[in-house]
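Enquirer: Below is a structure I'd like to ask you about.
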Amino acid sequence: MMTFEKIKRTGPVLFSEYENGSALKKAISIGRNEILAELKESGLKGRGGAGFPTSTKWMLTAAAKADRKFVICNADEGEPGTFKDRVLLTEYPELVLEGMIIAGYVIGAKEGIIYLRSEYSYMLEFLESKIEYMRKYGFFGKNILGEQGFDFEIKIRLGSGAYECGEETALIESLEGYRGEPRNRPPFPVNTGYLGYPTVVNNVETLASVPHIITKGGEWYKKFGTDKSTGSKLFSVSGDCKYPGVYELQWGITLRELLKIVGAENTKAVQVGGASGVCLNESQFDKKISYEETATGGSIMIFDKSRSMLEVLKNFMEFFVEESCGQCTPCRIGNVKLLEGVNMIEKNDYTLEYIDKLKELGETMKIASKCGLGQTSPNPFISILDNFKDEIFSKN
Amino acid sequence: MNTMEKTLRSPVSQRPHEIKKTDQLTGIGAEVSIELNGIKMKVPIGKTILEICRDNNIHIPTLCYHEDLCIAGNCRLCLVEIEGMRTLQTSCSFPVTSPIKIKTFSDKVRKARKHIVGLMLSEHYGECYSCVRNNNCELQSLAREYGIDNYEFGHICSPRYNVDKSSQAVIRDMDKCILCRRCVRTCIDLQEVGVLEAVNRGYDTKISTFMDKPLADVVCINCGQCINRCPTAALHANDPSDEIWKAIEDPEKHVILQTAPSPRASLGEEFGLPPGHSMTGQLNTAARRMGFDRVFDTNFSADLTIMEEGTELLNRLRKALVEKDTSVRLPQFTSCSPGWIKFIEHFYPEYLDYLSTAKSPQQMFGSVIKTFYADESGIDPANIVNVALMPCAAKKFECNRPEMNSSGFKDIDYGLTTREMAKMIREAGLVLPDLPKSGFDDPFGEASGAGLIFGSTGGVMEAALRTVYELVTGRVVPFKNLNIEVCRGMKGIKEASVKLENCRPEFSFLEGIDLKFIVAHGTANAKVVMDMLKNGELKDYHFVEIMACPGGCIGGGGQPIPTSESIRKLRAKAIYEEEAGLPVRKSHENPHIKYIYEKFLKDGPCGKLSHKLLHTHYVKRGKFIN
Ligand SMILES: Cc1cc2nc3c(=O)[nH]c(=O)nc-3n(C[C@H](O)[C@H](O)[C@H](O)COP(=O)(O)O)c2cc1C
Ligand code: SF4
Ligand code: SF4
Ligand code: SF4
Ligand code: SF4
């Protein structure tokens, strides 16, 4: 998948004016409860895909009693067609770092870790220099900005190239030196996370949103987006369009509007939410991109009329067969069966009865798999076969 | 001794979660009301759904779950539906902390389970009727439970892997593996060995050894614990029964079966009896009817081991205390568990001098049979075939060790497990529980109870103490009915001491000494003890018993499947009960032991001849094998 560094459109939220350090200063002056209240007011939800309310996550971790706590920035960005975290980290690293420090302040963590996708290792020095730069202004170290007892440090750790390691508990296992495989939940990382200590894991974009919310207020943030999807979102747009790249757009925009902005023509299908998202056809382009209708961690892939949807589906399923961590049965073998189904259709050697059985298997995978990967990998299978029925089963 | 807490090395994902004791939870109360399949009930906070279901006689299918191991939650069979939750939850890993409504067999749940079994079967190469686990396979039972009558998602028809037959103990047939990872958790958590691990991702995931080497070329200690916990036939023991049948058929051969103490306590399970029924007499009859020429009791050589090991301990103490010989290593560690021996050879090779040089009872018997017995009965030792019925997979490796031929021949020809013996008995058309009882053959016809309790953790220590204490003081051990309870039970590491007072003149150097000892079972516990030794924490200890398998031999890698702590406890109970009723309960009072030292091993325990025949040496293996 081709990616482009440039930000194609900056929006009014994440890319609004901002003075470095102002949020941290304000955070310390208003105190923990006030910060949590602002976050709650803002309605900010996790941008890593699952959309869990950030204020709740922080509140739970803040309430957990422990000698140590951790803030982890999830910069594993492995979802195919997603590259918005990379842009944030290279263009606005201070926002992300400041978001982490504020998280540390709120939950009472002294240690932060950035889990950086190995492909982004070229950023390592750059990010470290940013940390050192901010340290000069008293944003790291002991008694930060004069606040007694508020210490915070950030370490950067490199991932090892597995998509699965972006899943927060697999990420933590990987940090601890084990195979990157998801843990059972409960217990959740907010109680039992890295090294068994309460841990907040947040996506890069989530953390980058925090300083804006602190300085400008939850009320302000809420003005953007829809009722349940507040604020804006960075979209990584790729595929068949004139202007692929990263866009900051408000939640609630319809696919049709988005396609226009990015210069997509002759569009047949849009995959919303990366490989694990759903694939929509033209009749569904009026859907709003939002947690209410079609959610996404940021990836928008556009396919025009020249594409074979079966081919598209096959690529996705091959990805999952490869990237499943192999721990649990439904995902490890289930994805193989779904891919086999695609191959059967390709060879025109299938029965609709069996394909329906596979769809049912997909429904089982959604509720029986251990982690988000297996729970979402049937999405493209089911949505493409449903939404592009005529094309795919035309041979019969 | 604060280092005694067991360490777990499984990934955190697979460790039991810490659930606070209910009385420490404030504001919630010790119990919570839930609804289980529509029935309202109160349950203790923190209990898992699986535990609650079992308490209420609701069967939940499981595969990756095993009572002895920490939670994995990867097979996904124990899924249940909780009202209000989008996804199904694994009951094995889900502690109840709030008033939830659970359904254990809703439509979604049944469908999901059926799908999962179907998926497993689609990748499971092989057929049940040609499989060692036929009729004792958890996957097979599940297929029956869920009424699987076809291969819903197809069935693999050619193997993906080669069978690894390199090990003398454990055969790995990864085409039958369903990746439950019980073996991985067994090897790392129970045994602290860690030769098995999942490698690769996705469909290519498999259980592998270091660099995919043959099992014989890695630090596997042959304990076979992984076999006992494998739900399928992916892991099974290297079965010598065909060769044994051949020897039985051969009129030239004089085939001797010696039976270890613990198989008789568990063999009944293979014939449908509940655990805890001793089958000693029936087993003897079965062996004779099958055509074994003699049936001897390994308990006899266990008594011999006590004589040798006990004497060795006293010699070491004398050297250390009287002669102030600083080269003497104390505490002395027992050496009768070949899994433990291989463990220390690999992981603590610099501490081999702490081991008793006494051979295991199996091997002692082998060399005695091929020398003393051959002589007395006028049989050419070349024609004797020694078969050892053992609870153990590691014994298969032990009898093939090159140093185990002090009789001039291979001392023990075959190590046979309880499971394999059961199979042979079935092949012979015998129904074990229905057979009449009979005794052991002479000249080793009788053994002491001390030998019998070798089968359970703490048994060797208890037997040794009975003899050593009496040798030193001239009085019986100061425990009621000779039962040294501190040695018994399933606690991972037990320690205690007994004071030596009013010693006989020749042992006056021991006067007033607190004889301190430790009993550990499962090599994870052995590791804890060894690390204490390394840290100098065992300086004032004298004797340590270690058994490689959890529970000792009754939990051995050759024992009937399944295993669990409650099963092991019942087997141990059977042994202790049988022992309590025996006329002779101290090794040194066994008349046959007295006889052999009078007639054959004339220079006494630890004398020259016994050194040649009954003692051995060890190999510094280390962790790196070429
Ligand atoms: C297979 C899989 C891969 C994931 N990869 C990422 C990732 O690369 N980056 C990310 O931020 N979250 C990823 N997530 C989501 C995380 O598990 C987690 O929900 C997120 O980091 C929480 O942060 P948030 O609340 O700020 O969204 C992934 C989840 C799954 C199931
Ligand atoms: S769902 Fe897939 S990726 Fe997630 S734990 Fe199971 S096998 Fe691993
Ligand atoms: S392992 Fe179990 S399911 Fe597989 S062939 Fe053997 S008995 Fe059948
Ligand atoms: S036999 Fe023992 S040491 Fe060897 S793999 Fe199995 S559990 Fe591990
Ligand atoms: S070898 Fe047996 S115990 Fe190990 S993962 Fe496979 S099926 Fe499970």
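Enquirer: Between A:I154, A:I172, which is farther than 23 Å from A:Q271 by Cα and away from every other protein chain (no Cβ under 14 Å)?
Expert: Of A:I154, A:I172, the one residue that is farther than 23 Å from A:Q271 by Cα and away from every other protein chain (no Cβ under 14 Å) is A:I154.
Enquirer: Kindly list, by first and then second residue, each pair from a residue in region A:165-184 that is outside the structural domain of A:L116 (by TED's automatic domain parsing) to a residue that is within 11 Å of ligand 1 (Cβ to nearest atom), limited to pairs with Cβ atoms under 7 Å and residues at least 6 apart or on different chains.
Expert: Note: no pairs meet the criteria.
Enquirer: So for region B:196-211 (the condition being away from chain A (no Cβ under 14 Å), among the acidic types (D, E) and more than 19 Å from B:E67 (Cβ to Cβ)), does at least one residue qualify?
Expert: No, because not a single residue in region B:196-211 is away from chain A (no Cβ under 14 Å), among the acidic types (D, E) and more than 19 Å from B:E67 (Cβ to Cβ).
Enquirer: Identify all residues within region A:354-388 that are more than 22 Å from the chain's Cα centre (by Cα) and of a type outside the set (A, V, I, L, M, F, W, C); write none if there are none.
Expert: A:Y354, A:D356, A:K357, A:K359, A:E360, A:G362, A:E363, A:T364, A:D386, A:N387
Enquirer: Now a separate question. Is at least one residue of region B:128-137 surrounded by fewer than 18 Cβ atoms within 10 Å (Cβ to Cβ), more than 16 Å from ligand 1 (Cβ to nearest atom) and either basic (K, R) or at positive phi (or both)?
Expert: yes
Enquirer: So if I check each of A:E257, A:E248, which one is open to solvent by 10 Å² or more (accessible area, probe 1.4 Å) and of a type in the set (D, E)?
Expert: When all the criteria are applied, what remains is A:E257.
Enquirer: Just one of B:M174, B:M85, B:M120 is within 13 Å of ligand 3 (Cβ to nearest atom), at pLDDT 95 or above, within 14 Å of chain A (Cβ to nearest Cβ) and farther than 30 Å from B:S241 by Cα; which is it?
Expert: From the options B:M174, B:M85, B:M120, the qualifying one is B:M120.
Enquirer: Scan the strands (runs of 3 or more DSSP E) fully inside region A:239-332 and keep the ones with 1 or more residues being among the basic types (K, R) and more than 16 Å from ligand 4 (Cβ to nearest atom).
Expert: Filter on region A:239-332 gives A:267-272.
Enquirer: Here is a further query. Search region A:304-329 for residues that are more than 10 Å from ligand 2 (Cβ to nearest atom) and pair each with any residue that is of a type in the set (G, A, S) and not in a loop (DSSP other than H, G, I, E, B) when their beta-carbon atoms are under 6 Å apart and the residues are at least 6 apart or on different chains.
Expert: Matching pairs, first to second residue: A:F316/A:A275; A:F319/A:A275; A:V321/B:G202; A:E322/B:G202.
Enquirer: Going by what's in this entry, would B:Q258 be described as outside the structural domain of B:V460 (by TED's automatic domain parsing), in contact with a Pro (Cβ under 9 Å, 6 or more places away or on another chain) and open to solvent by 10 Å² or more (accessible area, probe 1.4 Å)?
Expert: Against the criterion (outside the structural domain of B:V460 (by TED's automatic domain parsing), in contact with a Pro (Cβ under 9 Å, 6 or more places away or on another chain) and open to solvent by 10 Å² or more (accessible area, probe 1.4 Å)), B:Q258 does not qualify.
Enquirer: Taking only region B:68-115 into account, find how many residues are part of a helix (DSSP H, G or I) and out of contact with any strand residue (DSSP E or B) (no Cβ under 8 Å at 6 or more places or on another chain).
Expert: 5
Enquirer: Further question: Can you confirm whether region A:213-221 contains a residue that is open to solvent by 30 Å² or more (accessible area, probe 1.4 Å) and modelled with pLDDT under 95?
Expert: No, region A:213-221 contains no residue that is open to solvent by 30 Å² or more (accessible area, probe 1.4 Å) and modelled with pLDDT under 95.
Enquirer: Please determine whether any residue of region A:372-380 is within 16 Å of ligand 5 (Cβ to nearest atom), closer than 30 Å to A:L171 by Cβ and either modelled with pLDDT of 95 or more or away from every other protein chain (no Cβ under 13 Å) (or both).
Expert: For region A:372-380, residues within 16 Å of ligand 5 (Cβ to nearest atom), closer than 30 Å to A:L171 by Cβ and either modelled with pLDDT of 95 or more or away from every other protein chain (no Cβ under 13 Å) (or both): absent.
Enquirer: Let me ask you something else. Residues in region B:221-253 that are of a type outside the set (G, A, S), within 30 Å of B:G378 (Cβ to Cβ) and surrounded by fewer than 22 Cβ atoms within 10 Å (Cβ to Cβ): how many?
Expert: 11
Yes/no per residue for (1) surrounded by 21 or more Cβ atoms within 10 Å (Cβ to Cβ); (2) more than 10 Å from chain B (Cβ to nearest Cβ):
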| residue | (1), (2) |
| --- | --- |
| A:G277 | yes, yes |
| A:D286 | no, yes |
| A:S299 | yes, yes |
| A:E340 | no, no |
| A:L358 | yes, no |
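Enquirer: I would also like to ask the following. If you check A:S369, A:S283, A:S290, A:S383, which single one turns out to be away from ligand 2 (no atom under 15 Å from the Cβ), among the small types (G, A, S), free of Cβ contacts under 8 Å to residues at least 60 places away in the same chain and not assigned by TED's automatic domain parsing to the domain that holds A:F52?
Expert: Only one candidate passes the filter, namely A:S283.
Enquirer: Output the residues belonging to region B:114-143 that are closer than 13 Å to B:P61 by Cα and either within 16 Å of ligand 2 (Cβ to nearest atom) or over 30 Å from the mean Cα position of the chain (by Cα) (or both).
Expert: Within region B:114-143, B:K114, B:I116, B:V117 qualify.
Enquirer: Looking at B:L510, B:L500, B:L515, B:L482, which one is on the phi > 0 side of the Ramachandran plot and open to solvent by less than 30 Å² (accessible area, probe 1.4 Å)?
Expert: Checking each option against the conditions leaves just B:L482.
Enquirer: Cβ-Cβ under 9 Å, sequence separation 6+ or interchain: first residue in region A:21-35 and assigned by TED's automatic domain parsing to the domain that holds A:L60, partner open to solvent by 60 Å² or more (accessible area, probe 1.4 Å) and of a type in the set (F, W, Y). Which pairs?
Expert: A:G21/A:Y137
Enquirer: Another question, then. Mind listing whichever residues of region B:270-291 are out of contact with any helix residue (DSSP H, G or I) (no Cβ under 6 Å at 6 or more places or on another chain), surrounded by 24 or more Cβ atoms within 10 Å (Cβ to Cβ) and not small (G, A, S)?
Expert: Passing the criteria: only B:N284.
Enquirer: Please enumerate the residues belonging to region B:196-226 that are in a helix (DSSP H, G or I), in contact (Cβ under 8 Å) with a residue 24 or more places away in the chain and more than 13 Å from ligand 5 (Cβ to nearest atom).
Expert: Result: B:A216, B:D217.
Enquirer: I would also like to ask the following. Taking the criterion of being open to solvent by 40 Å² or more (accessible area, probe 1.4 Å), free of Cβ contacts under 8 Å to residues at least 60 places away in the same chain and within 29 Å of B:V477 (Cα to Cα), would at least one residue in region B:570-577 satisfy it?
Expert: No: zero hits.
Enquirer: Please work out which one of (1) facing chain B (nearest Cβ under 9 Å); (2) in contact with a Ser or Thr (Cβ under 6 Å, 6 or more places away or on another chain) is the condition A:C165 fails and give its number.
Expert: (1)
Enquirer: Name the residue that is farthest from ligand 1 (Cβ to nearest atom), counting only residues in region B:175-199 that are farther than 18 Å from B:I546 by Cβ and touching a Pro at 6+ places or on another chain (Cβ under 8 Å).
Expert: B:D175
Enquirer: I would also like to ask the following. Does A:T296 satisfy being among the β-branched types (V, I, T), within 28 Å of A:D85 (Cα to Cα) and at pLDDT below 95?
Expert: Considered against the rule, which asks whether it is among the β-branched types (V, I, T), within 28 Å of A:D85 (Cα to Cα) and at pLDDT below 95, A:T296 comes out as yes.
The values are calculated or read from the model by the stated rules, or taken from the named source; none is laboratory data. In this text the structure is predicted, and so the values were computed from the model without any measurement. As a convention, Cβ positions derive from the backbone with ideal geometry for all residues, glycine included, and neighbour counts pool all protein chains shown. Note: accessible area is taken over every heavy atom of the protein model, side chains too, but ligands, DNA and RNA are not part of it. Shrake-Rupley method; radii C 1.70, N 1.55, O 1.52, S 1.80 Å.
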